[in-house]
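Have a look at the structure below before the remarks.
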There are 2 protein chains.
Amino acid sequence: MSNGHSRKSLQIIPLGGLEQIGMNITAFVYEDTIVVVDCGLAFPEDEMLGIDLVIPDITYLLEHADKVKGFVITHGHEDHIGALPYVLRELNVPVYATRLTVAMIEGKLKEHGLYDVTECHVVDYGDTVHLGDLGVEFIRTNHSIANSSALAIHSPVGCVVHTGDFKVDYTPVYGDPIDLARFSQLGQKGVLALLCDSTNAERPGFTNSERTVGTAIDSIFADHTNCRILVSTFASNVDRVQQIMDSAHKYGRKVVVEGRSMVNIIQTASELGYIRIPENTLIDIGELDNYPDEKTVIITTGSQGESMAALSRIATNIHKKVTIKPGDLVIFSSNPIPGNEKAVFRVINELCQKGADVIFQDTHVSGHACQEEIKLIYSLVKPKYAIPVHGEYRHLKAQANIARMMGIPSDHIKILSSGDVLSINSRECKVTDTVKTGAVFVDGLGVGDVGNAVMRDRQILSQDGMILILLTMEKGSNRLLAGPDIITRGFIYVKESDELLEEMQKVLEDTTEDLLQKNITDWGKIKNALRDALSGYVWKKMKRKPMILSVITEVEI
Amino acid sequence: MSNGHSRKSLQIIPLGGLEQIGMNITAFVYEDTIVVVDCGLAFPEDEMLGIDLVIPDITYLLEHADKVKGFVITHGHEDHIGALPYVLRELNVPVYATRLTVAMIEGKLKEHGLYDVTECHVVDYGDTVHLGDLGVEFIRTNHSIANSSALAIHSPVGCVVHTGDFKVDYTPVYGDPIDLARFSQLGQKGVLALLCDSTNAERPGFTNSERTVGTAIDSIFADHTNCRILVSTFASNVDRVQQIMDSAHKYGRKVVVEGRSMVNIIQTASELGYIRIPENTLIDIGELDNYPDEKTVIITTGSQGESMAALSRIATNIHKKVTIKPGDLVIFSSNPIPGNEKAVFRVINELCQKGADVIFQDTHVSGHACQEEIKLIYSLVKPKYAIPVHGEYRHLKAQANIARMMGIPSDHIKILSSGDVLSINSRECKVTDTVKTGAVFVDGLGVGDVGNAVMRDRQILSQDGMILILLTMEKGSNRLLAGPDIITRGFIYVKESDELLEEMQKVLEDTTEDLLQKNITDWGKIKNALRDALSGYVWKKMKRKPMILSVITEVEI
């Protein structure tokens, strides 16, 4: 091996802008080839006021656009595919994924008018896609959405295994268990690095099979034969919906699927054969009244308490077709994602107040591997380097601990930050560079036009509202033509605060008079002086800091 | 018994304005006597922008001020005492509570300058306070704060038991177990109604003793003798702090208490003998550097991820005296309260990134009774009527189910809404009236000056910011002197949106010209037309709805 060749390396670059909020997008770079694994979006944090979505900053990819051979996608969840419609618009390269995943991506591309201009390729498990110097092999896994894949990325300097999001389910509802044999074969040939899902790395044991949920739901159906049943779960968990439908069919109930995203996914999954809808079971929501309550099931979105989802609208009586009746049974087949607890409990309280019985425990299993499954993958893949992925820092750290327990030396375990360029080959594994990454805010139709300064203004406005000081002055002279006037929004209830407003007015008038008497003609100074005077008064009097704008209008007479 | 007398009843009125956000305040009314149990505040929900605290609307009490004999307080948590400084200012009546509770109330009154004008009485367990026609007996309970009480409210029509917040701890860290004997005696004499804590009514089993946490913490101390330890917990959990200090002492560590509220409470508890600080254990934070890391413990506030609390400041490197070092062990001796999960995990991630090890499981027990404890109280008290209190609706409903299981007929179980007037006597138990209640927002020094209209403005401002349209016109004529000008805040990043702003400007100029040509002189119409034109344009172009203010300044020339 020549020195020149031995120094070549594969670079792995996580591009998911914000730390730990779940935009999955990772570039694999070898010489003139860039392949990108996943292209997810994130939902905004509480402090990102008015933001609808967050997508990754792909500056790095655009700067190397000629090298980017394509996106390979592990599965169809939003945090893995959601940013594609935004990114493909700027970087039109082919997309490779399994059949159901491609169908879900195409659904998004149609909504964004990009379907005709994007090249999507369906890949079967076991197939390898050759993209420049890299070969990407799709390996069957299990997860909370059907047709998920791990990827083996074959490069001239070695093979890297990326698990995607996965669990080990020996008895999956649809299809076969994870292809452990292939993980083992790769491990025997030698794997340079393992990028493994860390979501449940803090949890001991083994994640239960999806089938255990079916059993739990079935026994609830058996125990509740005299009431209507509503079941809320994740729209994309097709296997869950399958099991609910099977129980419904078994107990002679008709099924309504409600919620736009769930209707779409179930239709797609049904067309492609990923769900088998029992005959004469599915009915239209309009037909509900034709059946007695105890012969119906409504499967809905909204298990995370999302305010516009079907279940929330049902709970708050603003759903057009379904109203909660005393005695209804509502099953939450989901756990709240951290941050959604209050919203979920709010919906549960609403349902209880309307007389429904609510079951929200022991009717869900995770789609992610716990500690023993992670250990299983390490023991099969036997990677030289461990790169924990997918999770908050505490999860990545927990997986690093597992990797150490599995015998990987500490200096072969790398927790990466967004933008880190990790260069690996058989000799070394180190961060050699960093590239620009970041979060791009999507607000309405605008992508990236809301930045930190705008966000800071929204935060100030949201806390104490704003006060506007208006002054009109004659151009070229120092003559006050109108004002100072005050307008407030989001500050105080004005009618009850006449006295306060009068005092504020007086502060401004005194300040203005003082400035004019001193013949101060610099309007910038006047604006600042008025703002400071009012700001000081409001803070002293109320301990509040509204945004204060002082505006001088210049009039030529 | 005369008919006249038999129709008299005791009225129970929950006054905690908002449903289920935890302001505990309940009026007990008998003829000309009103006694109020607890007077708590709530922390704002996410959508209450800029609000610091929420307190109850006491209109009802003020309207009957001459009848209000006093406040009786069950324990010193914020959701039971926090509104006292605001309420006593308007309704100055005596306050009755146990010794530590009075000390905590007095601390608050001092901060608000009300200490000298308020009458606070210390009550011992077993004592009965006579207030008009009602006698209020204090009964020892266990909870996550020392010196907690249940109350037996003796009235001419019967006795009502209010548990306050409680658990059954047979081996409490300080003092004695809950006075089950007294509950039993009351039950034998006959209890009209039981108002029982519902917080954990969904949880089966029995809440563990506080001592089990001490054992868990002690074994962590035993396992970690080579690093500094930080323990974060609730400031008011004096027994928890006691156990941490005992372990520290046992393993030869010095203790620093950090966080204003914790320092205050520990000092008060120590003065009153509710905590025994081991000799030569407590040191000042400034002395930390005099001891090796493995010989120190820092007990801090911030276990809920509160951004300004000590632990958050330490985690984000903005604490003046303490910086996280790799190898530090941080123990969260707390569970996240629903809604705080993300904030807590954020702090944990920060700590992990700085190299700390974090333990946040199995180092906390609840202060509230689980199902078996609730059943125990029902079996002892044997109430005629059950009125579940303290909790969200789902918790109240879960307790109603327990009450039914304990043999109470469904029509003797009442879940009340805020403002319901429940009239009870030996013959009946029904809601006979409703009174005005509500939530009063505290923002800075302002109490009640931020209402729904202001909140709505803040919400609009927070979502898409605001646009200001300025026009200056001559008084008495229709002549445009200046404008239309545009100012935006929190809307878009202006420098990158020159083109958009130019188009917005053009929309306004065209609209203005059109209006002036049509000789429209009604300034209200002009303002609305400009706002509507711009609003329509922005929605079409960006799908956003900023607040738009159009202001016309009138100038006399």
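Working only within the range A:289-315, note down all residues that are in a loop (DSSP other than H, G, I, E, B), within 15 Å of A:S232 (Cα to Cα) and out of contact with any Phe, Trp or Tyr (no Cβ under 7 Å at 6 or more places or on another chain). Result: A:T301, A:G302, A:Q304, A:G305, A:E306, A:S307, A:M308, A:A309. Of the numbered criteria (1) open to solvent by 80 Å² or more (accessible area, probe 1.4 Å); (2) within 14 Å of another protein chain (Cβ to nearest Cβ); (3) under 30 Å from B:V442 (Cβ atoms), the one A:K506 fails is (2). The set of residues in the range A:528-557 that are at pLDDT 90 or above, over 41 Å from the mean Cα position of the chain (by Cα) and either within 30 Å of B:I557 (Cβ to Cβ) or among the β-branched types (V, I, T) (or both) comprises A:N528, A:A529, A:L530, A:A533, A:L534. Within the range A:370-392, can one find any residue that is farther than 30 Å from B:Q463 by Cβ, touching a residue at least 12 places away in the same chain (Cβ under 8 Å), touching a His at 6+ places or on another chain (Cβ under 9 Å) and among the aromatic types (F, W, Y)? Within the range A:370-392, one or more residues are farther than 30 Å from B:Q463 by Cβ, touching a residue at least 12 places away in the same chain (Cβ under 8 Å), touching a His at 6+ places or on another chain (Cβ under 9 Å) and among the aromatic types (F, W, Y). Checked across the range B:323-342, the condition of being in a helix (DSSP H, G or I), under 21 Å from the mean Cα position of the chain (by Cα) and within 30 Å of A:G391 (Cβ to Cβ) holds for at least one residue. Here the condition is being surrounded by fewer than 13 Cβ atoms within 10 Å (Cβ to Cβ) and within 24 Å of A:I486 (Cβ to Cβ); of B:D522, B:D485, B:D498, B:D514, it holds for B:D522 alone. In the set (1) crowded, with 22+ Cβ neighbours inside 10 Å; (2) β-branched (V, I, T); (3) without any contact (Cβ under 8 Å) to a residue 60 or more places away in the chain, the condition left unmet by A:I408 is number (1). Among the numbered conditions (1) polar (S, T, N, Q); (2) within 7 Å of chain A (Cβ to nearest Cβ); (3) over 25 Å from A:T472 (Cβ atoms); (4) in contact with a Ser or Thr (Cβ under 8 Å, 6 or more places away or on another chain), the only one that B:T472 does not meet is (3).
Might you let me know whether the range A:363-374 holds any residue that is on the phi > 0 side of the Ramachandran plot, more than 12 Å from chain B (Cβ to nearest Cβ) and not β-branched (V, I, T)? No - not one qualifying residue is present in the range A:363-374.
Out of all the residues in the range B:114-128, which are part of a loop (DSSP other than H, G, I, E, B) and open to solvent by 60 Å² or more (accessible area, probe 1.4 Å)?
B:E119, B:D124, B:Y125, B:D127
B:V347 - would you say it is within 14 Å of chain A (Cβ to nearest Cβ), more than 20 Å from B:G205 (Cα to Cα) and in contact with a Gly (Cβ under 7 Å, 6 or more places away or on another chain)? Yes: the conditions hold for B:V347. Of B:D223, B:D176, all but one fail to be closer than 30 Å to B:I298 by Cβ, open to solvent by 30 Å² or more (accessible area, probe 1.4 Å) and modelled with pLDDT of 95 or more; the exception is B:D223. The single residue among B:L41, B:L61, B:L53 that is within 14 Å of another protein chain (Cβ to nearest Cβ), touching a residue at least 40 places away in the same chain (Cβ under 8 Å) and not polar (S, T, N, Q) turns out to be B:L53. The single condition among (1) modelled with pLDDT under 95; (2) charged (D, E, K, R); (3) more than 25 Å from A:I229 (Cβ to Cβ) that A:K375 does not meet is (1).
Residues of the range A:393-432 that are farther than 17 Å from A:K382 by Cα and within 14 Å of another protein chain (Cβ to nearest Cβ): A:Y393, A:R394, A:H395, A:L396, A:K397, A:A398, A:I415, A:L416, A:S417, A:S418, A:D420.
Of everything listed in (1) open to solvent by less than 30 Å² (accessible area, probe 1.4 Å); (2) over 30 Å from B:L62 (Cα atoms), the single unmet condition for B:P388 is (2). Within the range A:393-420, the residues that satisfy the criterion of being under 24 Å from A:S9 (Cα atoms), part of a loop (DSSP other than H, G, I, E, B) and not small (G, A, S) are A:I408, A:P409, A:K414, A:I415, A:L416.
Condition check for A:K108 on (1) part of a loop (DSSP other than H, G, I, E, B); (2) open to solvent by 30 Å² or more (accessible area, probe 1.4 Å): one failure, at (1). I'd like to know if the range B:77-96 contains one or more residues that are within 14 Å of another protein chain (Cβ to nearest Cβ) and either farther than 24 Å from B:K167 by Cα or open to solvent by 10 Å² or more (accessible area, probe 1.4 Å) (or both). No, the range B:77-96 contains no residue that is within 14 Å of another protein chain (Cβ to nearest Cβ) and either farther than 24 Å from B:K167 by Cα or open to solvent by 10 Å² or more (accessible area, probe 1.4 Å) (or both). Scanning the range A:525-551 for residues being open to solvent by 30 Å² or more (accessible area, probe 1.4 Å) and either facing chain B (nearest Cβ under 10 Å) or within 21 Å of B:D485 (Cβ to Cβ) (or both) gives a total of 9. Scanning the range B:433-451 for residues that are in contact with a strand residue (DSSP E or B) (Cβ under 6 Å, 6 or more places away or on another chain) and free of Cβ contacts under 8 Å to residues at least 12 places away in the same chain yields one hit, B:G448. A count restricted to the range A:254-267 and to residues that are buried (at least 19 other Cβ atoms within 10 Å of the Cβ) and either out of contact with any Ser or Thr (no Cβ under 6 Å at 6 or more places or on another chain) or in contact (Cβ under 8 Å) with a residue 60 or more places away in the chain (or both) stands at 5.
Every test in (1) closer than 30 Å to B:L461 by Cα; (2) more than 9 Å from chain B (Cβ to nearest Cβ); (3) touching a Leu at 6+ places or on another chain (Cβ under 9 Å) is passed by A:M466 save one, and that test is (2).
Against the conditions (1) hydrophobic (A, V, I, L, M, F, W, C); (2) assigned to a helix (DSSP H, G or I); (3) farther than 24 Å from A:F441 by Cα, B:L534 satisfies every one except (3). Of everything in the range A:452-461 that is surrounded by fewer than 23 Cβ atoms within 10 Å (Cβ to Cβ) and touching a residue at least 24 places away in the same chain (Cβ under 8 Å), the residue that is nearest to the other protein chains (Cβ to nearest Cβ) is A:D457. In the range A:200-248, what residues are touching a Pro at 6+ places or on another chain (Cβ under 8 Å) and in contact (Cβ under 8 Å) with a residue 60 or more places away in the chain? A:A201, A:S209, A:E210, A:D239, listed by residue number. Here is a check on your reading of the model: is B:S423 in contact with a Pro (Cβ under 8 Å, 6 or more places away or on another chain), among the small types (G, A, S) and not in a helix (DSSP H, G or I)? No: the conditions fail for B:S423. Restricting attention to the range B:427-451, which residues are open to solvent by less than 40 Å² (accessible area, probe 1.4 Å) and closer than 22 Å to A:V538 by Cα? The answer is B:V440, B:F441, B:V442, B:D443, B:G444, B:G446, B:G448, B:D449, B:V450, B:G451.
The values are calculated or read from the model by the stated rules, or taken from the named source; none is laboratory data. All values reported here derive from a predicted model rather than from experimental measurement. Positions of Cβ are generated from backbone atoms using ideal geometry, with glycine treated the same way; all protein chains shown enter the neighbour counts. Keep in mind that these areas ignore ligands, DNA and RNA; they rest on the heavy atoms of the full protein, side chains included. Shrake-Rupley method; radii C 1.70, N 1.55, O 1.52, S 1.80 Å.
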